[in-house]
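Down below is the structure, laid out as C-alpha coordinates.
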Protein chains: 2
Amino acid sequence: MAPDQLSATLAALADPTRRGILAQLALGDATVSDLARPYDMSLAAVSKHLKVLETAGLISRSREAQWRPCHLEAEPLKAVAGWIENYRRFWEGSLDRLESYLQELQKGDPDGTKN
Amino acid sequence: MAPDQLSATLAALADPTRRGILAQLALGDATVSDLARPYDMSLAAVSKHLKVLETAGLISRSREAQWRPCHLEAEPLKAVAGWIENYRRFWEGSLDRLESYLQELQKGDPDGTKN
(Lines give C-alpha, C1' and ligand atoms only; values in the text may rest on other atoms or scores of the structure.)
Protein backbone atom coordinates (compact mmCIF):
# COMPACT_ATOMS: atom_id res chain seq x y z
CA MET A 1 0.00 0.00 0.00
CA ALA A 2 1.50 3.36 -1.06
CA PRO A 3 1.95 6.03 1.64
CA ASP A 4 -0.69 8.18 -0.08
CA GLN A 5 -3.15 5.32 0.12
CA LEU A 6 -2.50 4.96 3.85
CA SER A 7 -3.07 8.72 4.29
CA ALA A 8 -6.33 8.47 2.34
CA THR A 9 -7.48 5.57 4.52
CA LEU A 10 -6.63 7.37 7.78
CA ALA A 11 -8.31 10.59 6.59
CA ALA A 12 -11.45 8.64 5.65
CA LEU A 13 -11.49 7.01 9.11
CA ALA A 14 -11.06 10.39 10.88
CA ASP A 15 -14.81 10.98 11.08
CA PRO A 16 -17.25 9.41 13.57
CA THR A 17 -20.08 9.13 11.00
CA ARG A 18 -17.85 7.26 8.56
CA ARG A 19 -16.61 4.94 11.33
CA GLY A 20 -20.29 4.40 12.27
CA ILE A 21 -21.08 3.47 8.66
CA LEU A 22 -18.22 0.92 8.67
CA ALA A 23 -19.50 -0.54 11.97
CA GLN A 24 -22.95 -0.91 10.39
CA LEU A 25 -21.43 -2.60 7.31
CA ALA A 26 -19.54 -4.97 9.61
CA LEU A 27 -22.97 -6.49 10.33
CA GLY A 28 -23.63 -7.02 6.61
CA ASP A 29 -23.98 -5.25 3.27
CA ALA A 30 -26.41 -2.31 3.29
CA THR A 31 -27.95 0.27 0.96
CA VAL A 32 -27.59 4.06 1.27
CA SER A 33 -31.09 4.22 2.82
CA ASP A 34 -30.17 1.55 5.41
CA LEU A 35 -27.01 3.46 6.27
CA ALA A 36 -28.77 6.85 6.50
CA ARG A 37 -31.39 5.57 8.98
CA PRO A 38 -29.39 5.91 12.26
CA TYR A 39 -28.29 9.45 11.37
CA ASP A 40 -30.26 12.66 11.09
CA MET A 41 -28.76 13.16 7.64
CA SER A 42 -29.91 13.52 4.06
CA LEU A 43 -29.21 10.72 1.59
CA ALA A 44 -26.94 13.19 -0.24
CA ALA A 45 -24.85 13.75 2.91
CA VAL A 46 -24.55 10.00 3.51
CA SER A 47 -23.66 9.46 -0.16
CA LYS A 48 -20.84 12.01 0.23
CA HIS A 49 -19.42 10.01 3.16
CA LEU A 50 -19.77 6.79 1.14
CA LYS A 51 -17.84 8.38 -1.72
CA VAL A 52 -14.94 9.18 0.67
CA LEU A 53 -15.00 5.59 2.00
CA GLU A 54 -15.16 4.16 -1.53
CA THR A 55 -12.26 6.34 -2.77
CA ALA A 56 -10.19 5.12 0.19
CA GLY A 57 -11.07 1.53 -0.77
CA LEU A 58 -12.81 0.93 2.59
CA ILE A 59 -16.08 0.00 0.90
CA SER A 60 -17.10 -1.27 -2.49
CA ARG A 61 -20.49 -0.87 -4.13
CA SER A 62 -22.17 -3.39 -6.35
CA ARG A 63 -22.79 -2.09 -9.87
CA GLU A 64 -25.29 -4.82 -10.61
CA ALA A 65 -28.24 -4.21 -8.29
CA GLN A 66 -30.23 -1.00 -8.73
CA TRP A 67 -29.91 -0.19 -5.00
CA ARG A 68 -26.11 -0.66 -5.19
CA PRO A 69 -25.48 -2.20 -1.74
CA CYS A 70 -22.28 -1.21 0.08
CA HIS A 71 -19.76 -3.80 1.23
CA LEU A 72 -16.99 -3.42 3.82
CA GLU A 73 -13.49 -3.98 2.41
CA ALA A 74 -11.00 -5.15 5.03
CA GLU A 75 -7.72 -4.62 3.15
CA PRO A 76 -7.14 -0.91 3.99
CA LEU A 77 -8.00 -1.58 7.66
CA LYS A 78 -5.48 -4.39 7.64
CA ALA A 79 -2.86 -1.99 6.23
CA VAL A 80 -3.55 0.50 9.05
CA ALA A 81 -3.32 -2.30 11.63
CA GLY A 82 -0.01 -3.41 10.08
CA TRP A 83 1.39 0.12 10.21
CA ILE A 84 0.34 0.70 13.84
CA GLU A 85 1.75 -2.68 14.87
CA ASN A 86 5.24 -1.12 14.47
CA TYR A 87 4.47 1.01 17.52
CA ARG A 88 3.08 -1.73 19.75
CA ARG A 89 6.32 -2.02 21.71
CA PHE A 90 5.83 1.60 22.83
CA TRP A 91 2.61 1.08 24.70
CA GLU A 92 3.74 -2.33 25.89
CA GLY A 93 7.01 -0.70 27.01
CA SER A 94 5.04 2.03 28.81
CA LEU A 95 3.06 -0.62 30.64
CA ASP A 96 6.34 -2.29 31.72
CA ARG A 97 7.54 1.04 33.06
CA LEU A 98 4.22 1.58 34.86
CA GLU A 99 4.46 -1.87 36.45
CA SER A 100 8.03 -1.16 37.52
CA TYR A 101 6.88 2.16 39.02
CA LEU A 102 4.02 0.49 40.92
CA GLN A 103 6.45 -2.10 42.31
CA GLU A 104 8.70 0.72 43.56
CA LEU A 105 5.69 2.38 45.21
CA GLN A 106 4.93 -0.88 47.05
CA LYS A 107 8.53 -0.95 48.27
CA GLY A 108 8.07 2.55 49.75
CA ASP A 109 9.88 4.57 47.07
CA PRO A 110 7.32 7.25 46.11
CA ASP A 111 9.24 8.46 43.03
CA GLY A 112 10.13 5.02 41.70
CA THR A 113 13.73 6.21 41.33
CA LYS A 114 15.56 3.48 43.23
CA ASN A 115 16.02 1.33 40.12
CA MET B 1 -10.97 7.98 24.57
CA ALA B 2 -13.86 10.11 23.24
CA PRO B 3 -14.86 9.62 19.59
CA ASP B 4 -13.62 13.15 18.79
CA GLN B 5 -10.23 12.28 20.23
CA LEU B 6 -10.05 9.21 17.97
CA SER B 7 -10.94 11.39 14.95
CA ALA B 8 -8.26 13.91 15.94
CA THR B 9 -5.69 11.11 16.22
CA LEU B 10 -6.60 9.59 12.84
CA ALA B 11 -6.59 13.01 11.15
CA ALA B 12 -3.15 13.74 12.62
CA LEU B 13 -1.86 10.39 11.32
CA ALA B 14 -3.28 11.01 7.82
CA ASP B 15 -0.11 12.72 6.62
CA PRO B 16 3.15 11.03 5.53
CA THR B 17 5.36 13.78 7.03
CA ARG B 18 3.66 13.47 10.43
CA ARG B 19 3.98 9.66 10.32
CA GLY B 20 7.66 10.16 9.40
CA ILE B 21 8.11 12.43 12.43
CA LEU B 22 6.55 9.76 14.68
CA ALA B 23 8.86 7.11 13.20
CA GLN B 24 11.84 9.37 13.95
CA LEU B 25 10.61 9.90 17.53
CA ALA B 26 10.26 6.13 17.90
CA LEU B 27 14.08 6.09 17.88
CA GLY B 28 14.23 8.62 20.71
CA ASP B 29 13.25 12.14 21.75
CA ALA B 30 14.26 14.85 19.27
CA THR B 31 14.22 18.62 18.83
CA VAL B 32 12.44 20.53 16.05
CA SER B 33 15.79 20.95 14.25
CA ASP B 34 16.49 17.20 14.47
CA LEU B 35 13.03 16.46 13.08
CA ALA B 36 13.29 19.02 10.26
CA ARG B 37 16.61 17.61 8.99
CA PRO B 38 15.25 14.74 6.79
CA TYR B 39 12.67 17.03 5.13
CA ASP B 40 13.10 19.92 2.79
CA MET B 41 10.93 22.02 5.07
CA SER B 42 11.22 25.18 7.12
CA LEU B 43 11.27 24.92 10.93
CA ALA B 44 7.93 26.77 10.86
CA ALA B 45 6.36 24.09 8.65
CA VAL B 46 7.71 21.30 10.88
CA SER B 47 6.47 23.17 13.97
CA LYS B 48 3.00 23.29 12.42
CA HIS B 49 3.04 19.48 12.00
CA LEU B 50 4.29 19.11 15.59
CA LYS B 51 1.41 21.28 16.83
CA VAL B 52 -1.10 18.93 15.11
CA LEU B 53 0.62 15.88 16.66
CA GLU B 54 0.73 17.57 20.09
CA THR B 55 -2.97 18.57 19.95
CA ALA B 56 -3.84 14.94 19.09
CA GLY B 57 -1.76 13.81 22.10
CA LEU B 58 0.62 11.83 19.86
CA ILE B 59 3.63 13.75 21.11
CA SER B 60 4.46 15.76 24.19
CA ARG B 61 7.07 18.50 24.49
CA SER B 62 9.19 19.20 27.51
CA ARG B 63 8.61 22.68 28.93
CA GLU B 64 11.83 22.58 30.91
CA ALA B 65 14.62 22.51 28.38
CA GLN B 66 15.05 25.53 26.12
CA TRP B 67 15.09 23.30 22.98
CA ARG B 68 11.85 21.59 24.10
CA PRO B 69 12.50 18.04 22.86
CA CYS B 70 9.53 16.09 21.46
CA HIS B 71 8.52 12.74 22.89
CA LEU B 72 6.33 10.05 21.31
CA GLU B 73 3.17 9.29 23.30
CA ALA B 74 1.84 5.77 22.72
CA GLU B 75 -1.65 6.08 24.24
CA PRO B 76 -3.50 7.49 21.15
CA LEU B 77 -1.82 4.87 18.91
CA LYS B 78 -2.97 2.20 21.33
CA ALA B 79 -6.53 3.56 21.08
CA VAL B 80 -6.42 3.36 17.27
CA ALA B 81 -5.06 -0.20 17.47
CA GLY B 82 -7.87 -1.10 19.90
CA TRP B 83 -10.51 0.34 17.58
CA ILE B 84 -9.16 -1.39 14.47
CA GLU B 85 -8.90 -4.70 16.37
CA ASN B 86 -12.74 -4.88 16.17
CA TYR B 87 -12.36 -5.42 12.42
CA ARG B 88 -9.62 -8.05 12.53
CA ARG B 89 -12.10 -10.87 11.95
CA PHE B 90 -12.92 -9.31 8.55
CA TRP B 91 -9.50 -9.68 7.03
CA GLU B 92 -8.98 -12.98 8.81
CA GLY B 93 -12.43 -14.02 7.53
CA SER B 94 -11.52 -12.91 4.00
CA LEU B 95 -8.43 -15.07 4.16
CA ASP B 96 -10.61 -18.05 5.19
CA ARG B 97 -12.82 -17.39 2.20
CA LEU B 98 -9.77 -17.11 -0.07
CA GLU B 99 -8.45 -20.43 1.25
CA SER B 100 -11.84 -22.06 0.68
CA TYR B 101 -11.88 -20.65 -2.88
CA LEU B 102 -8.39 -22.00 -3.59
CA GLN B 103 -9.44 -25.43 -2.30
CA GLU B 104 -12.42 -25.38 -4.68
CA LEU B 105 -10.10 -24.46 -7.56
CA GLN B 106 -7.92 -27.47 -6.74
CA LYS B 107 -11.04 -29.66 -6.86
CA GLY B 108 -11.78 -28.36 -10.38
CA ASP B 109 -14.56 -25.90 -9.56
CA PRO B 110 -13.35 -22.66 -11.22
CA ASP B 111 -15.95 -20.42 -9.55
CA GLY B 112 -15.63 -21.91 -6.08
CA THR B 113 -19.43 -22.15 -5.92
CA LYS B 114 -19.82 -25.78 -4.91
CA ASN B 115 -19.71 -24.97 -1.16
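The values are calculated or read from the model by the stated rules, or taken from the named source; none is laboratory data. This structure is a prediction, so every number in the text was calculated from the model and none was measured. With ideal geometry, Cβ positions are generated from the backbone for all residues, glycine too; neighbour counts draw on all protein chains shown. Please note that ligands, DNA and RNA were not included when accessible areas were found on the heavy atoms of the full protein model with its side chains. Shrake-Rupley method; radii C 1.70, N 1.55, O 1.52, S 1.80 Å.
Here are the numbers for the structure shown:
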| item | result |
| --- | --- |
| Exam field: residue A:48 pseudo-label spacings to other copies (7 Å along Cα-Cβ), nanometres | 2.4 |
| For region B:1-107: rounded, prolate or oblate by the Cα gyration tensor [a/c cutoff 1.5] | prolate |
| Under 5 Å, built H, 5+ apart or other chain: amide partners of residue A:30 | A:70 |
| Point-to-point label distance, residue B:26-residue A:75, nm (Cα→Cβ direction, 7 Å offset) | 2.3 |
| In Hz, Karplus ³J(HN,Hα) per residue of region B:16-29 (6.51, -1.76, 1.60; θ = phi - 60°; x = Gly, Pro) | x, 5, 5, 5, x, 4, 4, 4, 5, 5, 5, 7, x, 4 |
| Other-copy label distances relative to residue A:65, 7 angstrom Cα-Cβ extension, nm | 5.8 |
| Shielding by partners, peptide A:70-80 (average Cβ within 10 angstrom, other chains) | 4 |
| Residue of chain B nearest the B-to-A rotation axis [by Cβ], rounded angstrom distance | B:10, 2 |
| Percent accessible area from carbon and sulfur atoms, region B:1-107, protein chains only, probe 1.4 Å | 53 |
| Position residue A:106, label points 7 Å along Cα→Cβ, spacing to each other copy in nm (shortest first, one decimal) | 5.0 |
